[in-house]
Every structure is written in structure tokens, then in C-alpha cells.
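Below: one structure in C-alpha cells.
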Amino acid sequence: MNGMTTRRSRFSFDETLQRLRSAIESKGATVFAVIDHAGEAARVGLRMPPTKLLIFGSPKAGTQAMLIAPSLAIDLPLKILVTEEGSGAVWMSYNTAEYLAGRHGLTREQSAALAAAEGVTAELAAS
């Protein structure tokens with residue numbers, strides 16, 4: 001997909017979520033919410049594979065970027081989608097900093113704070 005990167009995790013679904021949360025928090029960012037899409041589907045009698053969306057960021061870094069490009073607020077906080085296939089493969093998907101920078105007219109330097117998803121998923125990605 002245009003602007004989105006997907007990486008395979010070398011860990012189980014639950015461990016991937018736990019490790020992402022730890023990596024995000026260790027870098028001084030905040031996990032604001034975790035949306036459990038599969039859990040919500042189950043609440044209404046539907047089934048889907050494990051699917052959760054981590055919403056996270058750093059108000060200090062995000063605010064600086066939004067002051068430069070107010071439209072960036074539509075894409076912040078940052079998000080990482082974690083999904084599991086029937087085979088057990090776990091995937092992490094996110095919008096790239098390059099895509100967000102282009103979408104909102106930021107320079108590479110101005111968009112450096114938007115690369116957090118790339119960094120934390122790289123730590124968990126399968127070789």
C-alpha cells in the first residue's frame with residue numbers, strides 16, 4: 001500500500017504487543033490507547049483474527065511537528081497495526097515517516113519524530 005510498511009514480527013501476537021509497548025515507552029513516548037478490533041468484533045458476534053491498533057506518541061515531538069504542519073493532526077498520534085494470520089504469522093503495519101512528510105509538506109528534518117514506528121518495529125522484525 002502507498003505509504004504503509006508491513007513487517008513480520010519474530011514473536012507471537014501477545015509478545016509482539018508487549019515488546020512494542022515496552023520499546024515505545026523506553027523511548028519516552030506514551031501508548032495512549034490499544035484498540036482491540038477482534039475483541040470488539042467478538043462483542044457483536046463476529047470473528048476476526050487477532051488485530052490490535054497501538055496508538056502512541058510524544059506530545060513534545062508531535063506538537064512541534066503539528067506547529068509546522070497543522071494538517072498532521074489528522075495522522076497523529078502515530079499508530080502501529082498488529083495482526084495475526086491463521087498460520088500464526090504476526091505482522092506490524094504503519095505509515096512511513098516519508099509518506100507522512102510528503103502528505104503534509106514536511107522536510108526530512110522536520111519529520112524525524114515521525115519515524116518512531118519504523119524504529120520500534122525494526123527491533124522486532126524477523127530477519
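Do you know which of the residues in region 104-125 that are in contact (Cβ under 8 Å) with a residue 40 or more places away in the chain and over 17 Å from the mean Cα position of the chain (by Cα) is nearest to R19 (Cα to Cα)?
Ranking the qualifying residues of region 104-125, first place goes to Q110.
Does A65 meet the test of being of a type in the set (A, V, I, L, M), touching a Gly at 6+ places or on another chain (Cβ under 9 Å) and within 21 Å of Y99 (Cβ to Cβ)? Spell out the reasoning first.
Values: of a type in the set (A, V, I, L, M): yes; touching a Gly at 6+ places or on another chain (Cβ under 9 Å): no; within 21 Å of Y99 (Cβ to Cβ): yes.
When the stated conditions are applied, A65 does not pass them.
With the requirement that a residue be touching an Asp or Glu at 6+ places or on another chain (Cβ under 7 Å) and either under 20 Å from T30 (Cα atoms) or at pLDDT below 95 (or both), what does region 44-58 give you?
K52
The values are calculated or read from the model by the stated rules, or taken from the named source; none is laboratory data. All figures in this text were calculated on a predicted structure; none of them were measured in a lab. Quick reminder, even Gly has a Cβ in these numbers, built from the backbone with ideal geometry, and neighbours come from all protein chains shown.
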